[in-house]
Ligand code: AMP
Ligand code: MG
């Protein structure tokens, strides 16, 4: 149990700028490659996430200093950093890729935050690594700002997610279809271990690697499983529960991840990879934004199925660790995998019931949620505004909701059924706590990226600030609460590469 002690006996080192306490860099060499982040002499710090810095025990004023800027740009290494690029593989849009790995990200190390949780600090866009294949290891500024905005919005919206500690403009151009200004994001995550990390070792028949990885993950993310008789099936179930809850939460916010490949599913249960993601404006079950998702594999309503598909891949990697007969362990894994639907439905129904102000989930709740969403789809109604202004109805003001519908007939029918179901006493507290007024809308993100590409960062800062308290209506940000006009709609998003 030496590995266990290693995780729980680490004291906090004080008096240093970033108190690194690295464990992944102590894994065997085949888990990663040691790398040095690129240098960006003209880098300029755009934003530091002061409250996150504080949570990590990092002085926000220091992080905003010239030295902090140099560290967030990768130009200097903080004491104790052990920069590595992690190995992983993955299924991308269903196709197997035996070797991916961090091609443009460098893990600086881990810290223990104020609540005792281990967190990774990683630079994304930090230059080439041995896993870069044909890529330049860099990132345009646009996707970096998008990830900052959306990941921090997810926190405020109550969704488990990787976070953004800071962002710099590199002062250099990256060559894409046209030259674009470059950026580096500092990402913070419970870990960057993916389903694809397990697949990497599984594909190499590296049972010892799998075991070490599995033990690391249990100690780090699921310590309650230590000492279990069947740790690997328990791990599968724990990861499955968190993914089921995560996807249900995404859907309740109209979030379409867009690239749910196995290398983009973190075993910690955090949302990771904000490449082509987007929030729905008008509701549509099969909505897809990503330009590369031609078959609609990762459409809004496909997300639970695809999470399940990824979990089957995860289960496959765990089987070699179990000693029992093949048939027996496959059966055990199938039983766990079959529980996904129940876990998902529980969170999905409860969440939508909250959005609608229903106090109890009953046998008809599922079909009532479905018919509500059908109303939104057939009337082309904005998903976020519908639920937010339903709260206004409870507060005695119906006009906001009415203005979302061109044709009042279907709304009237729906409203009378809703009043009957809620017995005229919808739970407004639940509704207000989960129906945001502001989400990171696509057209707003595009606006701020365009401005940032001309060195105007005011719209970026303003949107970050507007999304910090999304559940409170705010007269300063009515423009952020509005749905896009038809000519403003952004229906297609692109990967951040
Ligand atoms: P993603 O699209 O972020 O999920 O990345 C998929 C894979 O492509 C990962 O292995 C990335 O590290 C790699 N990758 C993405 N962009 C670049 C880039 N600009 N240079 C090198 N590798 C990249
Ligand atoms: Mg990725």
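If each of residue 42 and residue 403 carries a label point 7 Å out from its Cα toward its Cβ, how far apart are those two points in nm?
Simple spin-label model gives 4.5 nm for this pair.
Which order results if 262, 372 are arranged by neighbouring Cβ count within 10 Å, fewest first?
The order, fewest Cβ neighbours first, is 372, 262.
Could you order peptides 246-254, 58-66, 161-169, 301-309 by the average number of other Cβ atoms within 10 Å of their residues, highest first?
Packing order, densest peptide first, comes out as 161-169, 246-254, 301-309, 58-66.
Using 0.36 nm per residue of separation minus the Cα-Cα distance, give me the extension gain between residue 62 and residue 301 in nm, one decimal. Write down the numbers at each step before the final one.
Working: separation 239, 0.36 × 239 = 86.04 nm, distance 4.42 nm.
Using 0.36 nm per residue and subtracting the Cα-Cα distance, I get 81.6 nm.
How far is the Cα center of the range 426-497 from the Cα center of the range 23-38, in Å?
Taking the Cα centre of the range 23-38 as reference, the centre of the range 426-497 is 37 Å away.
Give the distance, in whole Å, between the Cα centre of the range 273-291 and the Cα centre of the range 233-256.
Taking the Cα centre of each part, the range 273-291 and the range 233-256 sit 18 Å apart.
Between residue 338 and residue 455, what length in nm is gained on full extension when 0.36 nm per residue of separation is reduced by their alpha carbon distance? Show your work: numbers first, answer last.
Numbers: separation 117, 0.36 × 117 = 42.12 nm, distance 5.09 nm.
Difference between extended and current length: 37.0 nm.
Quick check: convex hull over the Cα atoms of the range 314-367, volume per residue in Å³, rounded to an integer?
Residue-normalised Cα hull volume stands at 102 Å³.
If R₀ is 25 angstrom, what is the calculated FRET efficiency for the pair residue 478 and residue 156, using the beta carbon separation as r and rounding to 0.05?
The computed FRET efficiency comes out at 0.85.
Would you mind computing, in nm to one decimal, how far apart the modelled labels at residue 488 and residue 377 are, each placed 7 Å from Cα along Cα→Cβ?
Taking the simple label geometry, residue 488 and residue 377 are separated by 2.7 nm.
Taking the Cα atoms of the range 92-182, what is the range of coordinates along each of the three principal axes, in descending order and whole Å?
Largest to smallest, the principal-axis extents are 42, 32, 27 Å.
What is the gain in length, in nm to one decimal, between residue 412 and residue 172 on full extension, counting 0.36 nm per residue of separation less the C-alpha to C-alpha distance? Don't skip to the answer; put the middle values down first.
On the way: separation 240, 0.36 × 240 = 86.40 nm, distance 5.58 nm.
Answer, rounded to one decimal: 80.8 nm.
How much of the pair distance distribution for the chain lies past 31 Å, counting alpha-carbon pairs only, in percent? Walk me through the numbers on the way to the answer.
Details: 56176 of 123256 pairs.
Looking at the chain, the distances longer than 31 Å represent 46 percent of pairs.
Normalise the Debye intensity by I(0) for the range 2-195, one equal point scatterer per Cα, no solvent, then take log10 at q = 0.07, 0.12 Å⁻¹ and round to two decimals.
Summing over Cα pairs of the range 2-195 leads to -0.19, -0.58.
Spin-label point model (7 Å from Cα, Cβ direction): what's the residue 324 to residue 208 distance in nm?
So the label points at residue 324 and residue 208 sit 2.8 nm apart.
Given just the C-alpha atoms of the range 334-457, how large is their convex hull per residue in cubic angstrom?
Output value, Cα hull per residue: 167 Å³.
Can you tell me the order of 78-85, 425-432 when each peptide is scored by its average per-residue count of other Cβ atoms within 10 angstrom, highest first?
Highest to lowest by the protection proxy: 78-85, 425-432.
Suppose R0 equals 35 Å; then what is the FRET efficiency for residue 359 and residue 54 from their Cβ-Cβ distance, rounded to the nearest 0.05? Don't skip to the end; give the middle numbers.
Numbers: r = 37 Å, r/R0 = 1.07.
Plugging the Cβ-Cβ distance into 1/(1 + (r/R0)^6) gives 0.40.
Among 390, 108, what is the fewest-to-most ranking by other Cβ atoms within 10 Å? Please list the in-between numbers first.
Working: 390 23, 108 26.
In increasing order of surrounding Cβ atoms, one gets 390, 108.
Values quoted throughout were computed directly from the atomic coordinates according to the rules given, and no laboratory measurement underlies them. This one's a predicted model, so the numbers in the text were calculated from it and none came from an experiment. So basically every Cβ, Gly included, is an ideal-geometry build from the backbone, and we count neighbours across all protein chains shown.
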